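The values are calculated or read from the model by the stated rules, or taken from the named source; none is laboratory data. The shown structure was predicted, so the numbers you read here are calculated from the model rather than taken from an experiment. Neighbour counts run over all protein chains shown; Cβ positions are idealised from the backbone, glycine included. Keep in mind that these areas ignore ligands, DNA and RNA; they rest on the heavy atoms of the full protein, side chains included. Shrake-Rupley method; radii C 1.70, N 1.55, O 1.52, S 1.80 Å.
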Amino acid sequence: MQSGQISDHGFLADGRSAVLVDRSGSVNWWCPGRFDAPSVFGRLLDENAGHWSIQPEGEFSVERCYLDDTLVLRTVFRTGQGEVALTDALAFEPGARNHDIGLRSPQVLVRSVQGLSGEVPMRVHYRPRFEYGRTTAFLVERDGTLEAIAGAARLTLRGSVPLCCGEGEATATFTARSGSVHNFTLGCAPTYDAPPPEVPDADRTIADTVAGWRSWVERHEYQGCYPEQVRRSALVVQGMTYRPSGAVAAATTSLPEKLGGNRNYDYRYVWVRDFSLTLRALWRSACFDEVQRQFSWVSRAMGRIGDEPVPIMYGVHGERDLTEHRLEQLAGYRDSPPVLIGNDAWRQRQTDIFGEALDAAWLMRDKMEPMEPEVRNVLRVLADQALVDWRRPDAGMWEERGIEHHHVSSKVQCWVALDRAVRFGDKLGGPEDVARWAVARDEVRATVLERGWSDRLGAYTGSFESDDLDASVLVMPLVGFLRADDLRMRSTIRAVERRLSHDGLLRRWDGDPAGFVICSFWLVGCLALGGERDRAHELFLWLAGRVNDLGLFAEQIDPLTGEQMGNFPQAFSHIGLINAAGQLTDVERDPALRHRGMPPPHFTPTRS
């Protein structure tokens, strides 16, 4: 049977790729080597696309957690015969510590079964499927290992129990007794021009991976509100970062925003927006390492920019052409096609990215000294493009397909780009450049205030001369465009909450199928900056409690069922949590922010 809910999964990461393993001990997703590589386990999207399960033979209940300050997962199975612990880790290079973790990860998945009490019959079902389920490999026993080779990839599995090979799959049974340990190590490597996959000692690899994650956490001393939630989300965001380059939006493709809908997209790429917001979130969580390197990567990926639209996203190695196509052989998560690889949003104009990139650079300015020439050039080009492109319609941050509009949030982010460029001053341009940016900045602001406001709604709207609300306008006070206690901004916050919120979950627009997690955290920040500290804290805790049992968010949450939907885990959602906690911290520390006031609330989250 295909895996259950999206939120049933735990998330493992090695700085190159991700593994999703469900509550029953089944690995249902792994694209070894890089997030956007073809899968070898894809059961998440189709029952026949491969999985690897280790679980008790009979009925069992489950309790699971991450080992402290890691993304190493421990699942405890409780049965009538006893208890068993399964530990899963995606390995780092041996000895990798601090900001070196993930740079040279060996593509090794380790699974260790420890008997805790009694005698529990266990079974293993190993069923790899290559190229998103297209290819079934021959399984060959060789030198105490089991090899699966098909096309461009090969897997080598070593286990402490013998496996019985069938047609494209292998099975095993064994008994986990109190104190016993049974280990399984699976390595992946290219079929050609590479040494065989590594299959290192499981116990040593798990211990080393735990030490690697903890060394990273020890380097980042966040001092602010909700440190436990921030620490967990920071680990997830770090896990969602392809370490040689930048952050991906999510670990998966085509998990639907709505069952039976058609908004299924591939999010395993690096968006300039997500990259910039990731840097902001890591700054909030006291992670400053390699800021210069990250911006250098973006500048190299962009190259020299002329009059063409700035690319908004890349493959993890900087590829631009991410043309979308459908995998017809996959039924989709819970029979919700299409399953897509690639993302045609790469063709779009999204002018909000100018502001997000320059704002992140301004935030990290002290860590970017001396600024490399290629980074300075890219930031200056982004400011110049904002100066021109703010007048043009675009697809917006929600990547609307088929038509462009004058999105208010995109104009606001163009203002941010120009404002931060003016603040950088001669670090980016000469006096004439700064003067041009300042004039354009003021013109953008005046235009947004005039054309983005709806008298009928008493709110700033999603696009110019529109009466449609959009949660994206909540960024206005968060980026300093307007104060949260500005009369019109206060009215906008009330209108957005009243019309788009259900039980604390904020939809992006009227008709959006579920609450979009980062928008809900934007509302927390707006309430905090507008003087409603108690409500902001209450809403933060309410939203933070909507994670799964491992502290993971998908992209959206159905406000009626509570089910998480969309690609998983979603960096955007965890970034929202971290930044909201930071804004609450700012308000608690700054009396000038703390004493702002707002009218009485229109919504109070219900408790279940």
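At a glance:
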quantity: Under 23 Å from Lys367, Cα to Cα: lysines that are on another chain or at least 8 residues apart; calculated: Lys427
quantity: Added length on full extension, which subtracts the Cα-Cα distance from 0.36 nm per residue, Thr323 to Asp442; calculated: 39.1 nm
quantity: Convex hull volume of region 395-544 per residue (C-alpha atoms, cubic angstrom); calculated: 125 Å³
quantity: DSSP-loop GluC sites (Glu not before Pro) across region 196-295, with at most 11 other Cβ within 10 angstrom; calculated: Glu221
quantity: Rounded percent of accessible protein surface that carbon and sulfur make up, region 307-371, 1.4 Å probe; calculated: 47 percent
quantity: Rg(Cα) / (2.2 N^0.38 Å) computed for region 273-409, rounded to two decimals; calculated: 1.17
quantity: Three-way shape call for region 113-226 based on the alpha-carbon gyration tensor, with the a/c threshold at 1.5; calculated: oblate
quantity: Region 1-69: C-alpha gyration tensor shape, a/c 1.5 cut-off, then a/b vs b/c; calculated: oblate
quantity: GluC sites (Glu not before Pro) lying in DSSP loop within region 484-590, provided at most 10 other Cβ fall within 10 Å; calculated: none
quantity: Helical contribution to [θ] at 222 nm, DSSP H n ≥ 4, -39,500 (n - 2.57), averaged over the chain, rounded to 500; calculated: -10000 deg cm²/dmol
quantity: Trypsin sites (Lys or Arg not before Pro) within region 427-460: DSSP coil, no more than 12 neighbouring Cβ in 10 Å; calculated: Arg456
quantity: Over 22 Å [Cα-Cα, region 224-352], rounded percent; calculated: 45 percent
quantity: Share of carbon and sulfur in the accessible heavy-atom surface of region 1-160 [1.4 Å probe, %]; calculated: 44 percent
quantity: At R0 = 60 Å, FRET efficiency that the Cβ-Cβ distance of Leu487 and Arg134 yields, to 0.05; calculated: 0.55
quantity: Fraction of alpha-carbon pairs over 42 Å apart in the chain - percent; calculated: 23 percent
quantity: Calculated P(r) tail over 24 Å for region 50-196, as whole % of Cα pairs; calculated: 39 percent
quantity: Angstrom value of the Kirkwood radius, inverse mean 1/r, which spans all Cα pairs in region 495-574; calculated: 12.6 Å
